[in-house]
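Structure first, commentary second.
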Amino acid sequence: GTVAGYGMVARESVQPGELLFAVPRAALLSQHTCSISGLLERERGALQSQSGWVPLLLALLHELQAPASPWSPYFALWPELGRLEHPMFCPYFALWPELGRLEHPMFWPEEERRRLLQGTGVPEAVEKDLASIRSEYYSIVLPFMEAHPDLFSPRVRSLELYRQLVALVMAYRSEPLEEEEDEKEPNSPLMVPAADVLNHLANHNANLEYSPNCLRMVATQPIPKGHEIFNTYGQMANWQLIHMYGFAEPYPDNTDDTADIQMVTVREAALQGTKVEAERLLLYERWDFLCKLEMVGEEGAFVIGWEEVLTEEELAMTLKEVLTEEELAMTLKVLCMPAEEFKEFKDQDGWGDDKREEDSLTITNIPKLKASWRQLLRDSVLLTLQTYATDLKAEQDLLSNKEVYATLSWREQQALQVRYGQKMILHQLLELTN
């Protein structure tokens, strides 16, 4: 990320396709290369979790407590580890540099997190993280460490330490893009020395490539001498960047930014348009039918990018339950169709292959949608904007006044960028549906 103030610059001019550096497979830290890899493999059934990170985290906990670990020089480069106030870091680990800070929102006070990030979806994601980390630690990790006291000293049996290591893995891990033949668990996360020093940009100029013998960082754009080399962590919206890495890209640099419209918000917007109880009952009948088709639910969101409602492929890095362009179009269609048409539609048990080009939810097509669809979409956007604590004008005033912006804390600046990017996307949608 860009939190700790470090990165990598080009010593000479670099051309696209040039190899910047390579990391041998033997230098990667994973559940398969640590000194307890055999044990982790034998007991992998008991270590399964929703995140899939438990074996790697246990490998880190084991290697961290051993000054003779071959990974010690790598750990010494992790800026955040210098700040982990834990007995295990004395005296050997007291030598680690205090260069950075863990700025993930999970480490913010709850009041600050909610005040600065209300409406962005981040507070809800963090609450799920904290609950998952606690459950994972007490149900899987701690029992495993207690069952192997010769491998894990009491000094590393700490929920707080585990939470900090989760944040480090969240920020620094890499995940292979394809299944490895010699690995029993495809796509298990890796810690990649050197690669994790690079900062992220949506408009990146380098990319990590996987090969049988090593991981290669390759230039994707010309990089002039002295310019910073930027990797990509994936197609990351600002809410994901701040949630997982503790920073956001300033507007308008993040071309991968998105805004969410909650599924239930579309339902609430549709309910606003009903005048009598019979209409409300019919609306709920339509919603229940969409639920039956597994198109909507009480949780999840439609994700709006700068150019379209995102597709499943584009949503691969998203941590939320999401619906795609076709599903949002179908939701608008069902909620807005005349009663007789809905009865016929329901009798046929739903949709077929009748998607029309004019129903496409690309940004250029939204003004061409039926008026009732546009109105429902517009009302949904207006309700979504009400979930934020401040309006777009207040954000613009802060961003346009450089002196005032400079007085904001790091967290306030990053949260402002997250809120502003989302609101700009939503306001673009407002204009298109007007």
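Packing order of peptides 52-59, 226-233, highest average first: 52-59, 226-233 (average count of other Cβ atoms within 10 Å over each peptide's residues).
Which FRET efficiency, nearest 0.05, do S135 and K225 yield, Cβ-Cβ r, R0 51 Å?
The pair S135/K225 has a calculated efficiency of 0.55.
Peptides 242-252, 266-276, 31-41 ranked from most to least packed, by the mean per-residue count of other Cβ atoms within 10 Å: 242-252, 31-41, 266-276. What are the trypsin sites (Lys or Arg not before Pro) within segment 6-60 that DSSP puts in a loop, where the Cβ has at most 11 other Cβ atoms within 10 Å? Hits after loop and neighbour filter: R11. Seen from T433, the other residues with C-beta closer than 14 Å to its C-beta sum to a net charge of +2, counting Lys and Arg as +1 and Asp and Glu as -1.
So for Y388, Y405, what's the accessible-area order with a 1.4 Å probe, most first?
Listed by decreasing accessible area, they come as Y405, Y388.
Using a probe of 1.4 angstrom and keeping all protein chains present, the accessible surface of segment 143-301 works out to 43 square angstrom per residue. Each residue, Q386 and V276, gets one label point 7 Å from its Cα in the Cβ direction; the gap between the two is 2.5 nm.
The values are calculated or read from the model by the stated rules, or taken from the named source; none is laboratory data. From a predicted model like this one, the values you see are computed outputs, not experimental measurements. Here the Cβ is made from the backbone with ideal geometry for all residues, glycine too, and neighbour counts use every protein chain on show. Surface accessibility is based on the protein's heavy atoms, side chains included, excluding ligands, DNA and RNA. Shrake-Rupley method; radii C 1.70, N 1.55, O 1.52, S 1.80 Å.
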